[in-house]
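S.K.: Please find one structure pasted underneath; my questions will follow.
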Amino acid sequence: MACRICSGRLHQFADFGSQPVSDAFVTPGDPAEEYFFRLAVGVCESCSMVQLLEEVPRERMFHEGYPYLSSGSAVMREHFWSLAERFLATELAGDDPFVVELGCNDGTMLQRVAEAGVRHLGVEPSGGVADLAAAKGVRVRKDFFEATTAAAIRDEDGPADVVYAANTLCHIPYMDSILSGVAALLRPGGVFVFEDPYLGDIVERASYDQIYDEHFYFFSARSVRGMARRHGFELVDVERLPVHGGEVRYTLARQGERTPAPAVAELLAAEDAAGISDLATLRAFAERVARGRDELVALLTRLRDEGARVYGYGATAKSATVLNYCGIGPDLVSFVSDTTPAKQGRLTPGSHIPVRGPEAFADPYPDYALLFAWNHADEIMAKEEAFREAGGAWILYVPEVRLV
Ligand code: TMP
């Protein structure tokens, strides 16, 4: 296997076995066969990019029926709205600015830009969520972004001041096409800003469920800087974000156009000190993950044997890795509660646990709730206070298995 960024040699450090497409919720009674692939992850010895070893075809993941809504959390809505305000006050404050968002999902961020009357375009291949964005007044192009798309957008709309992507760039294996497209689309002085789960947080918290089909790359400041330089960009800023279990927002500008902020050198030094891309660190991560799996399965088995009622909370894409890697099925978790309409009434991919709306969670409350949406823990625990008041306990599994 060769690195998808630089063709360097990859060293596998974890293997989660055969896994389904994480957002391919199954319709009960549908005889269609599920698609499985081998979920294994490695690190490049040359450029340090951590990446999956097998790629799932993009059309299997991102299509008309893609269910995930980025507006599904109040904290995330606030997160994207405040970023929109920041863009409007800074990079988009000039004369007739233009912003392009890659993977705009249901248009949470761009809705604010549209309301401000600023020129924008969302590029979104998943038709259902793109329609939701359009219904909010966001201008959307239903397409995968790549070099040809970038050229077409530049022809039609002119150069962009900002290209932005949230939880999208790490989904895309073919980075040469993306970065050459962004280079062609950005005006001189423009920036490419993207935010994705951070390798440093994944390693520190052993949050192995960040590893699933859609997350092809696990970025660090070092690997992003190397990737950027291959296409004439420089990493000029990094910002750690608390959302989605720990992310970094990276800002790229053309080489020589902006002076890197001190935060870049600081994060690079912290990464080196912690050795987050060292094979030894990553192998230790994999061992910790395997121990966590054994503990979680032991806990759920004991609770079942004691006759306890256990529900899941949040039919996240992340939960596909946990459920299928740990072999958790409806015998251990009777159903998963989720607010997303397109997931309700379906079964979790591979593990076939029913998904129900949030009203089912309280009717009656379980004894334990396995919190798959742990990245939204504060929001969910505050909303579900009555569950704990009724004697219930949350089961968390990162950074370690515990009850709260
Ligand atoms: P995410 O972790 O990838 O954002 O997915 C969160 C999932 O959890 C998504 O399917 C929506 C669901 N969810 C709930 O069911 N209730 C909630 O309160 C929140 C915040 C999310």
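Read the figures in this text as sums done on the coordinates, not as results from a lab. In this text the structure is predicted, and so the values were computed from the model without any measurement. Here the Cβ is made from the backbone with ideal geometry for all residues, glycine too, and neighbour counts use every protein chain on show.
S.K.: With both partners inside region 330-404, how many of the DSSP beta bridges are antiparallel, as a percent to the nearest 5?
M.R.: 40 percent
S.K.: Right, something else. As an exercise, find the ratio Rg/Rh for region 183-327 from alpha-carbon atoms, using the Kirkwood inverse-distance average for Rh.
M.R.: Details: Rg = 18.9 Å, Rh = 17.4 Å.
The Rg/Rh ratio comes out at 1.09.
S.K.: Distances over 17 Å make up what percent of all Cα-Cα pairs in region 1-106?
M.R.: Details: 3950 of 5565 pairs.
The proportion of pairs with Cα distances above 17 Å equals 71 percent.
S.K.: Could I ask something else about it? Rg and Dmax of region 127-234 over Cα atoms: what are they, in angstrom?
M.R.: In order Rg, Dmax, the Cα atoms of region 127-234 give 15.2, 45 Å.
S.K.: Using Cα-Cα distances under 8 Å and only pairs 6 or more residues apart, what relative contact order does the chain have, in percent?
M.R.: Normalised by residue count, the contact order of the chain is 16 percent.
S.K.: What does the charge count near Ala114 come to, summing +1 for each Lys or Arg and -1 for each Asp or Glu among other residues with Cβ under 10 Å from its Cβ?
M.R.: +3
S.K.: Right, another one. For region 283-404, compute the orientation-averaged projected area of the C-alpha convex hull (one quarter of its surface), in nm². Mind showing how you got there, number by number?
M.R.: Numbers: hull surface 28.6 nm².
Taking the Cα atoms of region 283-404, their convex hull projects to 7.2 nm² on average.
S.K.: Across the chain, how many lysine pairs, 8 or more apart or on two chains, come within less than 23 Å at their alpha-carbon atoms?
M.R.: Values: Lys136/Lys343; Lys142/Lys343; Lys318/Lys343; Lys318/Lys383; Lys343/Lys383.
Step by step, the pairs that qualify in the chain add up to 5.
S.K.: Ok, one more. What does the charge count around Ala2 come to, taking other residues whose C-beta lies under 14 Å from its C-beta (Lys +1, Arg +1, Asp -1, Glu -1)?
M.R.: With Lys, Arg at +1 and Asp, Glu at -1, the neighbours total -2.
S.K.: Right, next: Report D for the chain in µm² per second (integer): Stokes-Einstein, Kirkwood Rh on Cα pairs, 25 °C, 0.890 mPa s.
M.R.: 112 µm²/s
S.K.: Distance from the Cα centre of region 199-275 to that of region 26-97, in angstrom?
M.R.: When both Cα centres are located, 16 Å separates them.
S.K.: For the chain, modelled as a Gaussian network with Cα springs under 10 Å, which listed residue fluctuates most, Asp278, Asp106, Asp96?
M.R.: Asp96
S.K.: A further question on this structure: For region 144-187, rounded, prolate or oblate, judged on the Cα gyration tensor with a ≥ b ≥ c (square roots of eigenvalues), a/c < 1.5 rounded, else prolate if a/b > b/c?
M.R.: Because a/c hits 1.5 or more and a/b exceeds b/c, region 144-187 counts as prolate.
S.K.: If you take every residue apart from Ala263 with its C-beta less than 12 Å away from the C-beta of Ala263, what net charge results, scoring Lys and Arg +1 and Asp and Glu -1? Don't jump to the answer; show the numbers that get you there.
M.R.: Values: positive: Arg240, Arg249; negative: Asp237, Glu239, Glu266.
My count for the surroundings of Ala263 gives -1.
S.K.: Per residue and in Å³, how big is the convex hull formed by the alpha-carbon atoms of region 73-138?
M.R.: Taking the convex hull of the Cα positions in region 73-138, it is 72 Å³ per residue.
S.K.: Oh, and also: For region 142-185 and region 278-342, what is the centre-to-centre distance using only Cα atoms, to the nearest Å?
M.R.: First find each Cα centre; the distance between them is then 36 Å.
S.K.: Once you order the gyration tensor axes a ≥ b ≥ c over the Cα atoms, which shape class does region 73-198 get: rounded for a/c under 1.5, otherwise prolate or oblate by comparing a/b with b/c?
M.R.: rounded
S.K.: Under a Cβ-Cβ limit of 4.7 Å, which cysteines in the chain have nobody to pair with?
M.R.: Cysteines of the chain left without a disulfide-compatible partner: Cys104, Cys170, Cys326.
S.K.: Shifting gears a bit: Note the angle between two axes, namely the Cα long axis of helix 262-274 and the longest principal axis of the Cα atoms of the chain, as a number of degrees from 0 to 90, rounded to the nearest 10.
M.R.: 40 degrees
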